[in-house]
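Notes follow once the structure below has been shown.
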Amino acid sequence: MPSGTDTYGRTRLYYVEDSAELRSRIDRELAGIDGIDVLGHSERAPEAIREIRRCQPDVVVLDLQLLEGAGIDVLKALRGGGGQRPIVIVLTNHADTTSRERSLRAGAQYFFDKSTEFDQFLSTLSCLKKAIVRDGNPAESVESADKTL
């Protein structure tokens, strides 16, 4: 399967979120960012791990608190899996220093508080999308996107 984007310059995204209200908000906001294809979502860690491995998105948006398991379990599973790893953005209400440090150590590239940094999350995602389209490789796109933030 090709990495990065398809031939039409689209970025493939999967999100893991247990709140129906936030899933609805994410869907609305992502609909306003041209070039992002939402491949699906999960509310539980085991399903998320299985689906992320199956659909191989460029970007994963991940909550830490899930209906079953935890976001950190998903991060650890992605880190241990083979193949190209997606860019992982943690978006959570559990934005304490310990959670932030654990997430970044476990492989997340970005970490945002849902209640205070949602707009920054959207801005970062938009920059990442542009970098992925330009670079064609999610891993190389993190550095490119960081330079534009």
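The values are calculated or read from the model by the stated rules, or taken from the named source; none is laboratory data. In this text the structure is predicted, and so the values were computed from the model without any measurement. Cβ sites come from the backbone with ideal geometry, for glycine too, and all protein chains shown count toward neighbours.
When only residues in segment 99-116 that are assigned to a helix (DSSP H, G or I) and touching a residue at least 24 places away in the same chain (Cβ under 8 Å) count, which is surrounded by the most Cβ atoms within 10 Å (Cβ to Cβ)? Write out each step before concluding.
Kept after step one, since they are assigned to a helix (DSSP H, G or I), are these residues of segment 99-116: 99-106.
From what's left, touching a residue at least 24 places away in the same chain (Cβ under 8 Å): 99, 102-103, 106.
Details: Ser99: 19, Arg102: 17, Ser103: 24, Ala106: 18.
So the residue we want is Ser103.
Any chance you could count how many residues in segment 12-24 are part of a helix (DSSP H, G or I) and either of a type in the set (Gly, Ala, Ser) or free of Cβ contacts under 8 Å to residues at least 60 places away in the same chain (or both)?
Within segment 12-24, the first condition is being part of a helix (DSSP H, G or I), and the residues that meet it are 20-24.
Among the residues that remain, those that are also either of a type in the set (Gly, Ala, Ser) or free of Cβ contacts under 8 Å to residues at least 60 places away in the same chain (or both) are: 20-21, 23-24.
Qualifying residue count, segment 12-24: 4.
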Ala20 passes all but one of the listed conditions (1) among the hydrophobic types (A, V, I, L, M, F, W, C); (2) within 29 Å of Gly136 (Cβ to Cβ); (3) surrounded by fewer than 17 Cβ atoms within 10 Å (Cβ to Cβ); (4) out of contact with any helix residue (DSSP H, G or I) (no Cβ under 9 Å at 6 or more places or on another chain); the exception is number (2)
Residues of segment 57-91 being part of a strand (DSSP E or B) and either surrounded by fewer than 23 Cβ atoms within 10 Å (Cβ to Cβ) or within 8 Å of the chain's Cα centre (by Cα) (or both), in sequence order, are Val59, Val60, Val61, Leu62, Gln65, Glu68, Ala70, Ile87, Val88, Ile89, Val90
Would you confirm whether or not segment 6-16 contains a residue that is modelled with pLDDT of 95 or more and of a type in the set (A, V, I, L, M)? yes
Any pair with Cβ under 7 angstrom, 6 or more apart, that starts in segment 27-51 at a residue that is modelled with pLDDT of 95 or more and of a type in the set (A, V, I, L, M) and ends at one that is surrounded by 15 or more Cβ atoms within 10 Å (Cβ to Cβ) and part of a loop (DSSP other than H, G, I, E, B): Leu39/Pro57; Ala45/Leu66; Ala45/Gly69
Contacts under 8 angstrom Cβ, first residue in segment 117-130 being farther than 20 Å from Pro86 by Cβ, partner modelled with pLDDT of 95 or more and of a type in the set (A, V, I, L, M, F, W, C), 6 or more apart: Phe118/Leu91; Phe118/Phe112
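Evaluate the following for Val142: is it in a helix (DSSP H, G or I), at pLDDT below 90, out of contact with any Ser or Thr (no Cβ under 9 Å at 6 or more places or on another chain) and among the hydrophobic types (A, V, I, L, M, F, W, C)?
Here the answer is yes, as Val142 does meet what is asked.
Let's see how each residue does on (1) out of contact with any strand residue (DSSP E or B) (no Cβ under 6 Å at 6 or more places or on another chain); (2) of a type in the set (Ser, Thr, Tyr); (3) farther than 18 Å from Phe112 by Cβ:
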{"residue": "Gly9", "(1), (2), (3)": "yes, no, yes"}
{"residue": "Leu13", "(1), (2), (3)": "no, no, no"}
{"residue": "Glu21", "(1), (2), (3)": "yes, no, no"}
{"residue": "Ala31", "(1), (2), (3)": "yes, no, yes"}
{"residue": "Ile36", "(1), (2), (3)": "no, no, no"}
{"residue": "Arg53", "(1), (2), (3)": "yes, no, yes"}
{"residue": "Leu67", "(1), (2), (3)": "no, no, yes"}
{"residue": "Ala77", "(1), (2), (3)": "yes, no, yes"}
Which numbered condition trips up Glu51, out of (1) farther than 21 Å from Arg28 by Cα; (2) out of contact with any Ser or Thr (no Cβ under 8 Å at 6 or more places or on another chain)? (2)
